[in-house]
Amino acid sequence: MFLILILIPVTIWIGITLFDDRKYFVISLAIAVYCMLPFFLIFEGRKPQARELLTIAVLVAIAVAGRAAFFMVPSFKPVVAVTIISAVCFGAESGFLVGALSMLSSNMLFGQGPWTPWQMFAAGIIGFLAGILFQKGWLKARKISLCIYGFLATVFIYGGIMNPASLVMTSYAITKRNLLAIYMSGLPVDLVHASATVIFLWIASKPMIEKLERIKVKYGMMNYQLPCGA
């Protein structure tokens, strides 16, 4: 509430008054960082066990390795798929953490830049929402359900965040015409990314969820709800 009602409006006001509304690039990055802070604080606040942190680290490593393995195919990456699977198995906060850290870590290979916080936030939100929907019973741990969510989330959430962010990063005026143009030009990229997410979920979701279930049983991590119908 503090971030939403006070810190973000104050940051925008500073950008308008002190910087004559010409530093919106820096301001937008600051807001992206603000938006990620609560998720990290929530995760840290519930005092995760070392075994959970190790499992999350391995999932992040899998996502990074998968992104690196398909570096020759633009936008064809498994990061969102691994993020969704992580959220289904370990909860919303863990899903956000896997998505955000996967983007941060993989950009060590692909190049860090002003796009990194936006990618972290977009992938993290997809994981967080997947965990919430699964907890509510609206998202099932089945291939069809996961693939549908993965496709829609990649196009409308990841693309919906990264397309206007690209407009900000290129310093163009944010108008309806420019937004429409950036969404239209980014749609083919979003569709390739969404198709990759569907393919990886279709192939890997069932075996990965089964393996993660065994890990939770073996190491006593049963405070997480086990997926049904995987």
Task: Looking only at the range 116-151, and only at residues there that are modelled with pLDDT of 85 or more and among the polar types (S, T, N, Q), the one that is farthest from PRO164 (Cα to Cα) - done: GLN135
- [ ] Within the range 187-230, track down each residue that is part of a helix (DSSP H, G or I), modelled with pLDDT under 85 and either farther than 24 Å from CYS147 by Cα or under 18 Å from the mean Cα position of the chain (by Cα) (or both).
- [x] VAL217, LYS218
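For the range 160-193, give me each residue that is hydrophobic (A, V, I, L, M, F, W, C) and over 16 Å from PRO74 (Cβ atoms).
Of the range 160-193, the ones hydrophobic (A, V, I, L, M, F, W, C) are 161-162, 165, 167-169, 173-174, 179-182, 184, 187, 189, 191-192.
Of everything in the range 160-193, those that are hydrophobic (A, V, I, L, M, F, W, C) and over 16 Å from PRO74 (Cβ atoms) turn out to be ILE161, ALA165, LEU167, VAL168, MET169, ALA173, ILE174, LEU179, LEU180, ALA181, ILE182, MET184.
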Task: From the options PHE71, PHE96, PHE90, residue that is among the aromatic types (Phe, Trp, Tyr) and within 18 Å of ILE157 (Cβ to Cβ) - done: PHE96
TODO: Return only the number of the condition from (1) assigned to a helix (DSSP H, G or I); (2) modelled with pLDDT of 85 or more that LEU167 does not satisfy.
DONE: (2)
Open item on the list: Every residue in the range 132-164 that is closer than 17 Å to PRO188 by Cα and either among the aromatic types (Phe, Trp, Tyr) or in a loop (DSSP other than H, G, I, E, B) (or both), please.
Closed with: PHE151, PHE156, TYR158
TODO: Test SER166 against the stated conditions and say whether it is surrounded by fewer than 20 Cβ atoms within 10 Å (Cβ to Cβ) and without any contact (Cβ under 8 Å) to a residue 12 or more places away in the chain.
DONE: no
Task: PHE156, sole failed condition from (1) surrounded by fewer than 14 Cβ atoms within 10 Å (Cβ to Cβ); (2) at pLDDT below 85 - done: (2)
Open item on the list: Any residue at all in the range 118-133 that's surrounded by fewer than 17 Cβ atoms within 10 Å (Cβ to Cβ) and within 14 Å of the chain's Cα centre (by Cα)?
Closed with: yes
TODO: State all residues of the range 129-171 that are touching a Gly at 6+ places or on another chain (Cβ under 8 Å) and of a type in the set (Lys, Arg); if no residue qualifies, say none.
DONE: LYS140, ARG142
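The values are calculated or read from the model by the stated rules, or taken from the named source; none is laboratory data. On a predicted model such as this, the values are computed, not experimentally measured, just so you know. Here the Cβ is made from the backbone with ideal geometry for all residues, glycine too, and neighbour counts use every protein chain on show.
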